[in-house]
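See below for the structure under consideration.
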Amino acid sequence: MKGLSILGSTGSIGTNVLRVVDAFPGRFEVVGLAAGGNVERLAEQVARHRPKVVSVGDASGLERLSRLVDLSGVRAVTGREGMVEVATRPEALMVVASAVGAVGLVPTYRALEAGKDVALANKETLVMAGELMLARARETGARLLPIDSEHCALHECLEGRSPEHVRRLILTASGGPFRDRPAGTFDSITREEALAHPTWRMGPKITIDSATLMNKGLEVIEARWLFGVPAAKIDVIVHPQSVVHSMVELVDGTVLAQLGVTDMRMPIQYALTYPEKWESAIPGMDFTKAMALDFRPPDRARFPCLSLAYRALEAGGTAPAALNAANEEAVAAFLDARVPFLAIPETIHEVLDAEPGSAVSSLEDVLEADRRARERARQALARRSPARALP
Ligand SMILES: NC(=O)c1ccc[n+]([C@@H]2O[C@H](COP(=O)([O-])OP(=O)(O)OC[C@H]3O[C@@H](n4cnc5c(N)ncnc54)[C@H](OP(=O)(O)O)[C@@H]3O)[C@@H](O)[C@H]2O)c1
């Protein structure tokens, strides 16, 4: 039995991780669960899996949880320290990092420091502190395995290849709900329109990131660290069907692609079982039906977040952490209907201009850059005219 701790167990990825666990009885033991405020779902998970440790966002959440489920024999903790405890529990061989945003950084970092393999969905952590996380993984021998479907595809295509044979990585993007929307109408985009992703059902933050293409920008930075490939050798291509999950071009011009249905249980199972392959009940591709695969370059003018992510990656140091912080603040403001859609790239642009990126030597440098960038982003968002915010 492989001991698992799951950070963000109540989210879209977290619940799919537990579906994979359920699909293989006796193969995994759920050692720890960590969530934020969804105590109802967490209570169900605790009742079913009886972890050794459970963490909730705060003390009031813990009190509600204790009224919903019997916590005898389960250590119950709260907040960031609680998440760190879940992430470093000795019985956990692997930590699934599936919380959303910067909140996952410290626990995921501590897990690598403790030598635990990490199955990573929480890409923001690698965007913020990729170099430090890779350094900890190298020191302790911990493996960092991607759950993001694109990176899972790249990981699989790169298996057994030597780096000098790789010309470039090609990340595919669905293009999101505004792929074909005229630029002149972007200022009237509503929250509901932005939340209607054409091919994937995901949590709200990543769904908005997909609508701005920032998700692909974050993935470029994630790929840089996971595969040690510079930004100049990472391309993005729009592929509306989301059938090809990503591709690797070799120096002789050959292109390797990984195809599959759009079901996150596949990349999750890949990470949880790597390097093994287990028989899965997920249906494969149906090639008896006609299908077309389209590819086209992304429109960087309509989706400036992609270029902003490349800019932060080239700048290095604290710039990607600033990019991430500004994006998190702007997306939260858009989801609260406090600012319009276009405020997202504009805010990130403003924060990056003020935070060109200083050197990173410790986690504290990253956390400090995150705090500074959030403060700047909040000021920029508050300055926007309420008349421009959506009702
Ligand atoms: N969804 C996908 O298909 C997909 C695909 C690839 C990558 N990812 C990445 O995976 C990560 C999770 O995405 P998601 O779609 O699963 O998001 P989600 O559905 O919004 O779930 C987020 C999880 O994080 C937890 N969380 C949020 N704030 C927290 C806090 N302060 N303390 C502790 N836990 C907290 C949430 O807990 P509560 O709900 O209990 O508050 C929830 O369990 C993101 O980084 C995303 O980019 C997602």
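The values are calculated or read from the model by the stated rules, or taken from the named source; none is laboratory data. Because the structure is a prediction, the values reported are computed rather than measured. Virtual Cβ from ideal backbone geometry, glycine too; neighbours counted across all protein chains shown. Just the protein is used for accessible areas: all its heavy atoms, side chains included, with ligands, DNA and RNA removed. Shrake-Rupley method; radii C 1.70, N 1.55, O 1.52, S 1.80 Å.
Data table
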| read-out | value |
| --- | --- |
| Yes/no for ARG41 being within 27 Å of TRP278 (Cβ to Cβ) and in contact (Cβ under 8 Å) with a residue 12 or more places away in the chain | yes |
| Those residues of segment 104-138 which are over 16 Å from VAL84 (Cα atoms) and either hydroxyl-bearing (Ser, Thr, Tyr) or free of Cβ contacts under 8 Å to residues at least 24 places away in the same chain (or both), in sequence order | ALA135, ARG138 |
| Residue in segment 172-183 that is open to solvent by 40 Å² or more (accessible area, probe 1.4 Å), β-branched (Val, Ile, Thr) and in contact (Cβ under 8 Å) with a residue 60 or more places away in the chain present | no |
| Residue count for segment 200-242, restricted to those that are within 16 Å of the ligand (Cβ to nearest atom), in a loop (DSSP other than H, G, I, E, B) and either open to solvent by 40 Å² or more (accessible area, probe 1.4 Å) or closer than 30 Å to ARG138 by Cβ (or both) | 2 |
| GLU156 over 30 Å from VAL261 (Cα atoms) and not basic (Lys, Arg) | no |
| Selection from segment 347-389 of residues that are open to solvent by 80 Å² or more (accessible area, probe 1.4 Å) and under 23 Å from the mean Cα position of the chain (by Cα) | HIS349, GLU364, ARG371, ARG372, GLU375, ARG378 |
| Matching residues in segment 275-306 - criterion: being open to solvent by 40 Å² or more (accessible area, probe 1.4 Å), farther than 15 Å from HIS239 by Cα and touching a residue at least 40 places away in the same chain (Cβ under 8 Å) | TRP278, SER280, ALA281, MET285, ALA301, ARG302, PRO304 |
| Some residue of segment 250-266 being touching a Lys or Arg at 6+ places or on another chain (Cβ under 7 Å) and acidic (Asp, Glu) | no |
| Unique match (being assigned to a loop (DSSP other than H, G, I, E, B) and either buried (at least 18 other Cβ atoms within 10 Å of the Cβ) or modelled with pLDDT of 95 or more (or both)) among PHE341, PHE334 | PHE341 |
| Filtered residues of segment 257-308 (kept if among the β-branched types (Val, Ile, Thr) and within 16 Å of the ligand (Cβ to nearest atom)) | VAL261, THR262, ILE268, ILE282 |
| Flag for SER98 being free of Cβ contacts under 8 Å to residues at least 40 places away in the same chain and polar (S, T, N, Q) | no |
| Test: residue in segment 117-138 that is open to solvent by less than 20 Å² (accessible area, probe 1.4 Å), in contact with a Cys (Cβ under 9 Å, 6 or more places away or on another chain) and either within 21 Å of LEU323 (Cβ to Cβ) or not hydrophobic (A, V, I, L, M, F, W, C) (or both) | no |
| Test result for ALA315, at pLDDT 95 or above, open to solvent by 10 Å² or more (accessible area, probe 1.4 Å) and closer than 21 Å to TRP225 by Cβ | yes |
| Of all residues making up segment 157-191, the number that are of a type in the set (Ser, Thr, Tyr) and either touching a Gly at 6+ places or on another chain (Cβ under 7 Å) or assigned to a loop (DSSP other than H, G, I, E, B) (or both) | 3 |
| Filter result (among the aliphatic types (A, V, I, L, M), in a helix (DSSP H, G or I), under 23 Å from LYS216 (Cα atoms) and away from the ligand (no atom under 11 Å from the Cβ)) within segment 107-156 | MET128, ALA129, LEU132, MET133, LEU134, ALA153, LEU154 |
| Segment 64-89: number of residues that are in contact with a strand residue (DSSP E or B) (Cβ under 8 Å, 6 or more places away or on another chain), open to solvent by 30 Å² or more (accessible area, probe 1.4 Å) and among the hydrophobic types (A, V, I, L, M, F, W, C) | 2 |
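Table: residues versus (1) part of a helix (DSSP H, G or I); (2) more than 26 Å from TYR109 (Cα to Cα); (3) not hydrophobic (A, V, I, L, M, F, W, C).
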residue: MET285; (1), (2), (3): no, yes, no
residue: MET291; (1), (2), (3): no, yes, no
residue: ASP299; (1), (2), (3): no, yes, yes
residue: GLY317; (1), (2), (3): no, no, yes
residue: SER361; (1), (2), (3): no, no, yes
residue: ALA369; (1), (2), (3): yes, no, no
